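No value in this document is a laboratory result; all are computed from the given coordinates. On a predicted model such as this, the values are computed, not experimentally measured, just so you know. Cβ placement follows ideal geometry from the backbone for every residue including glycine, while neighbour counts extend to all protein chains displayed.
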Amino acid sequence: MSDDSKKSPQADKSASKSDKSASTPEPSYLTAKRGLMSWLVTIDHKRIGLMYLTATMFFFLVAGLLAITLRTELFTGQQDFMSAATYNKVFTLHGAIMVFLFIIPSVPAAMGNFVLPLMLGAKDVAFPKLNLLSFYIYCIAAVMLILTLVLGSLDTGWTFYTPYSKTTGSAVIMATMGAFVAGFSSILTGINFVVTTHKMRAPGMTWNRMPLMVWALYATALIQVMATPVLAITLFLLVIERTLSIGIFDPAMGGDPVLYQHFFWFYSHPAVYIMILPGFGIISELITVHSRKHIFGYRAIAMSSVAIAVISFVVWGHHMFVSGQSELAGIVFSFLTFVVAVPTAIKVFSWVATLYGGSIRYTTPMWYALVFLWTFTIGGLTGVYLGTLSIDVHLHDTYFVVAHFHYVMVGGTVVAFLGGLFHWWPKMFGRMYNETLGKLSAILVFIGFNATFMTQFFLGHQGMPRRYYAYLPEYEALHQVSTIGSWILAAGLFLVLFTLVQAIKSGERASSNPWNAISLEWQTASPPIEHNFHTTPTVTGSPYDFPEIDKSGKH
Amino acid sequence: MAHSDSTENTTVYLNGKLVENPHEDHHHVSPVWEFSLVFGALLFLTIMTYVVSFAGLGPASLPVAMFIAFLKGSLVVGFFMHLKYEDRFYSFLFCVTLLFVSIFFTFVLFDMKTTAELNEEAGIEYKRHVEDSAEAAEAAAAREAAKAAGAAPEPAPAAH
Amino acid sequence: MSTKASEHEERPWFLAHHFDTVGQQMSSAKLGMWLFACTEVLMFSGLFLAYFILRQLYPEMVLTASEELNKTAGGFNTIVLLTSSFTMALGVRAAQTNNNKALERNLLITIGCAIAFMVVKYFEYTAKIEHGLLPGAWYSALEHGYMLPKYSRVFYGVYFTMTGLHGVHVLVGIGVLSWIYIRARRREFSSENYVAVENVGIYWHIVDLVWIFLFPLLYLVK
Amino acid sequence: MIATFIPPEKLGTPQMSETPWELLPTASNHAASLDGLYVFLTIVCGISFVLVIGAMLYFMVKYKKRSDNDRTSPLTHSGKLEFAWSAIPAVFLMLFFVWGELDFVKLSAPPADAIDIRVTGQKWYWTIEYPGRPVAATVAALDGEVAPLLVVPLNQPVRLLMTSKDVIHSFYIPAFRVKKDVVPGRYASVWFTAIEEGTFPVFCTEYCGDEHSSMLAIVKVVPADQYEEAVRAATTLEQGEGETVEQFGEKVYKSFACNSCHNTDSTAKVGPGFGGVFGKSESFTDGSSGVVDENYIRESIYSPNAKVVSGFTPQMPSFAGQINDDQMNALIAYIKSLK
């Protein structure tokens, strides 16, 4: 299935045929240099990508365990095994670690770092040293957030709303500085990716011949560069407020807490698109490669990524419909929220249309892509509920919102990220994972996730408020179903971890192109050599012209 | 680090036009007199900001001062930073940033103004006076100052 | 890649391994710097918005409280920063035209102006601290005979945050300019390799740009 | 003033709806049209979900990989289809926007003849004050807990003028579908007309600290003629017959939320504990000391910062003008009884 003649790779490789057989095969980036120092001071984007992957996976585990303790505590309406103060600290840390240390860096920095230069046919990202600096800034931010645990933890919710965050005794300054520093790591990654996409493309790779994963990472990088500085100044003002108490956000000194919400959500809404856009990129790659079909509506999907990146800057007010924001501003923000819903809908329709007339191979990445379509469609549709003004008055800050953003973040980004991991694992480590274990983990994740969060939609529309430690007895039954579902989801995620780690150790060798894909990263060895390509490939066609596509016009 | 010769001869055509290397940047060196002219203009505009502030234009002084500052800013960005002669993408990037900044400003200030107006319409006393510790200290300091000045210590202002 | 250095012979010493041509490296560095300049503008925009919010909440307080600021010191600082921008631009031009002596001279003048700016700011701050025009709990203008409106401590909070953060950027600028001066002394820059000087120039002009908007807003506007 | 936070299981309001997917009772004028939009949204979103996922499942089955040399369709895009599936969702979205916006404008324009009730949110309890009644409205919840009460007349518009004393809270009545953040430093207003009798829970939905989940209240809808009587009953704090002075003192103690800062044993909380404190001599922050007797208790309730026990900060608000004499005597008797 993998002989050379059938593939018509995106890049013509005739020129490089000669030197491959001549010298012994070059060692891969994993074995080229040995020893810890070779990893800690590497400027190879693939190694930095793997270091980011291990760090973000570790924090995903930590925050995931916090989530399981939360759900187990909520099994009954009364206090089970932790006090109210501890519960508040646990849910705050679950939110803060998931947002700042896992979901924002995970897909762009961990997977993007590995895949972007390979897909562009470049030797490395534009600024390799800056890339390593970005990883070490991320490590400093991680240490600071762990330090908050020691200094009395944080109990303000991941949004640090004033005036509560100004008056509470918990370690708010250390946590805000941690998020402040994590912001810089995100900015550096963003700058790196924008410049790489502009300046490092292989000859012949025009903007319309780039894989859609690159388009998604480019749009994400633009948001990272344009939105994160406002988070930096917001957290800086919050720290100044707590130390010098200048009074901008403090009502006792003439300031206004709603202004803090404006500052915070101006960053945080684009941030949720930083989280989901890379997931879109992965899904575009998975669905095309595993159904052997050219993507349906390439230009529409590429343009909708950039459109989402731009419109995401004008919709932040829908987080504040009931928070004392004026009704006129609420109406304007609600209208713009519906405008941003259209490009997202176009993407989902295009992916389903790509399946038409395909030859779908049910590998694990494809299963995750199909799970993504199910969960993300529900996540997107429930977003329409919360964008409608009058419905949001009823559903704001209830479990409906919790279910919505988990459907979009866990059901969207995390499921796409897992699919991407399975898809590129052979390329990263040169080893195939166990197919049955992969499929089993997809089933467990699907069942567990839907059991956990579908029930929370009903809790929300029954009026159960968010961040409640104890609740009315009438909500108990739904909470118990949700808690059991969270255990199944946890089991599925542990199985994913086991399958991937087992693949590195004892998976059988993977060929350089196990999925017969066309884009550039599959035209080099797996795991790739240190500077990616023996000779810089010249791009001649689109990354989705699979040999199976019937060009004879009779179809 | 072997450089492949294959990219030497592959010239890339895009819809009939030879793609000159998209990553090259031509170097522009502007003459000294241009810099001195811009510097002179900047000094003149600084004096203009002074004149505007002392001319007492009242409410119009903020927009005029902002316009002069915008002029100075565009001179610095256009000439000192060579944006005029650079690849069009850099100026596009800078304008997109200014667009996002203006979106941020207009929406927040629009929200604040309409909240104040809507509350006045509904007759709700929008800004509630909040007794705060700093203010209490200030009132205490005012009482001491009055006592030090020998005046009879009038009763402390009734708390809110 | 039309102007690509051919194999092995004079691949310039400053060309990184992952770039194919000098032009590509230069334009990447410049695009990266422009993106960083955009992040700086966006960060300072947060503080300018805080100022405009304050102006909308308490218009007359902001006007009376800003009367206490020292206009001549502010004006002098503006002139100093404009000259430093001018000499910075001349420095970049000198690097482009292989005139290393002019590059070093201009860099020295720019650093000198930056230090002068910080010295004037130091005197301004000590005057404010003496008169108690400080944010939050340190606000003691009353004892020094200033009858200021109710919330002027918040204005001084915003004043110190904006000028303080701008001052930190000037200090960082001095550090980076001296590093470039040292490299210029080592004759590293030429008409082929001047992008480092130009990037520092872009950073310095952004710092000056922020002051151009900050000065009228805080000191002058009625 | 009212009692402190109430653990949710002790609120005692009846269950709002039998089955999870059932809608909440439509107990206010806003609820009917909001539920109409909610059902319409669910139908449209349900249909589009079924269409999208149905198409996906159908394609998954029909275009399964048959053999190695399958031929796949060369289709890459179709302008008409892409325009259709952008325009149709856009039309529906605009429909939702306009319907939601019309309800929202109605929601935020209170009628002129609405009854004004002041609501104040404070770390972890609501204070609901009626015009002309000195004491906040409270009602007994389960196991001796006292819950704040919002009595509203049937079919009459009511407007709540709300503010907060410390952090942001949010006043949310699920059965009435109304919610408004209560921001310190400004007044927030929300209005509704109750159209169904009964008692419903009130939640705080903006995170405000440890007891955020116990910051509850009860809404009671009474017929218009019984409204005055119900308000007077809820806002009186007298010694019921057959109630000892100490029991009445304990009710006053809870109604004025003393136990949110002082424990009834000797352990300190925000303020000193009262267990066995009567007759003990206390040293104060200004170095002096004195015996805890009736006058000391009376003085530290009316002007608490005069004498502050050493080791504590002067945070206690003054209750001057809110506690009348027989309530004060009962309070002193109750504190005397604490061992």
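Listed values, structure above:
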| quantity | calculated |
| --- | --- |
| Cut-off under 5 Å, modelled amide H: who pairs with D:Gly198 long-range | D:Val221 |
| Equivalent ellipsoid semi-axes - Cα gyration tensor, segment D:245-337, angstrom | 20, 14, 13 |
| Point-charge dipole on Cβ atoms (K/R +1, D/E -1) for segment D:245-337, about Cα centre, debye to 20 | 220 debye |
| Helix D:29-62 vs. chain D, principal-axis angle (Cα, 0 to 90°, nearest 10) | 40 degrees |
| Spatial separation of Cα centroids for segment D:299-328 and segment D:51-83, in angstrom | 76 Å |
| Selected from C:Arg11, C:Arg93, C:Arg55 as most flexible by GNM, with chain C as the system and alpha-carbon contacts under 10 Å | C:Arg11 |
| Antiparallel DSSP beta bridges within the protein assembly as shown, percent to nearest 5 | 75 percent |
| Shielding by partners, peptide D:51-60 (average Cβ within 10 angstrom, other chains) | 6 |
| In degrees, nearest ten, helix D:79-107 long axis to first principal axis of chain D (Cα) | 30 degrees |
| Nonlocal amide H pairs with D:Lys64, under 5 Å, H built at 1.01 Å | A:Ile360 |
| On Cα atoms only, tilt of A:364-387 relative to the major axis of chain A in degrees | 30 degrees |
| Distance from segment A:174-212 to segment A:137-159 (C-alpha centre basis), Å | 25 Å |
| Cα Rg, Dmax (largest Cα-Cα span) when computed across the protein assembly as shown, Å | 33.5, 108 |
| GNM top mover of C:His169, C:His205, C:His18 - chain C, alpha-carbon springs below 10 Å | C:His18 |
| For segment A:493-505, 3J(HN,Hα) per residue [Karplus equation, 6.51 cos²θ - 1.76 cosθ + 1.60, θ = phi - 60°, Hz, x = Gly/Pro] | 5, 5, 5, 4, 4, 5, 4, 5, 5, 4, 4, 4, 6 |
| Cβ charges +1 (Lys, Arg) and -1 (Asp, Glu), total dipole of chain D, debye | 1520 debye |
| Over chain D, volume per residue of the alpha carbon convex hull, in Å³ | 223 Å³ |
| For segment A:543-549, Karplus couplings with θ = phi - 60° (6.51, -1.76, 1.60), whole Hz, Gly/Pro x | x, 10, 8, 6, x, 6, 5 |
| For A:379-387, mean number of other protein chain Cβ atoms within 10 Å | 4 |
| Candidate aspartates and glutamates for bridging to D:Lys165, where Cα separation is under 18 Å - those fewer than 8 sequence places away on the same chain excluded | A:Asp250, A:Asp256, B:Glu125, B:Glu131, B:Asp132, B:Glu135, D:Glu129, D:Asp181, D:Glu206, D:Asp210, D:Glu211 |
| For segment C:208-218, 3J(HN,Hα) per residue [Karplus equation, 6.51 cos²θ - 1.76 cosθ + 1.60, θ = phi - 60°, Hz, x = Gly/Pro] | 5, 4, 4, 5, 4, 7, 6, 4, x, 4, 7 |
| Protection proxy ranking, peptides C:177-185, C:100-108, average beta carbon neighbours within 10 Å, highest first | C:100-108, C:177-185 |
| Most fluctuating residue given options D:Pro174, D:Pro89, D:Pro304, as computed from a GNM of chain D linking Cα atoms under 10 Å | D:Pro89 |
| Angstrom value of the Kirkwood radius, inverse mean 1/r, which spans all Cα pairs in segment D:111-234 | 14.5 Å |
| Mean projected area (nm²) of the alpha-carbon convex hull when segment A:54-539 is viewed from all directions | 22.0 nm² |
| Of the GluC sites (Glu not before Pro) in segment D:189-229, those whose Cβ has at most 16 other Cβ within 10 Å and which sit in DSSP loop | D:Glu196, D:Glu197 |
| For chain C, alpha-carbon Rg and Dmax in angstrom | 21.6, 76 |
| For residues of A:315-327, the mean tally of beta carbons on other chains within 10 Å | 6 |
| Whole-angstrom gap from segment C:139-188 to segment A:310-339, using each part's C-alpha centre | 35 Å |
| Size of electric dipole in segment C:23-220: Cβ of Lys, Arg +1 and of Asp, Glu -1, about Cα centre, debye, nearest 20 | 480 debye |
| Rg(Cα)/(2.2 N^0.38 Å) for segment C:108-222, N = residue count | 1.38 |
| Selection from A:Ile331, A:Pro528, A:Ile378 lying farthest towards where the dipole of chain A points positive, charges on Cβ | A:Pro528 |
| For D:Val139, residues with placed amide H under 5 Å, excluding near neighbours | D:Ala147, D:Leu149 |
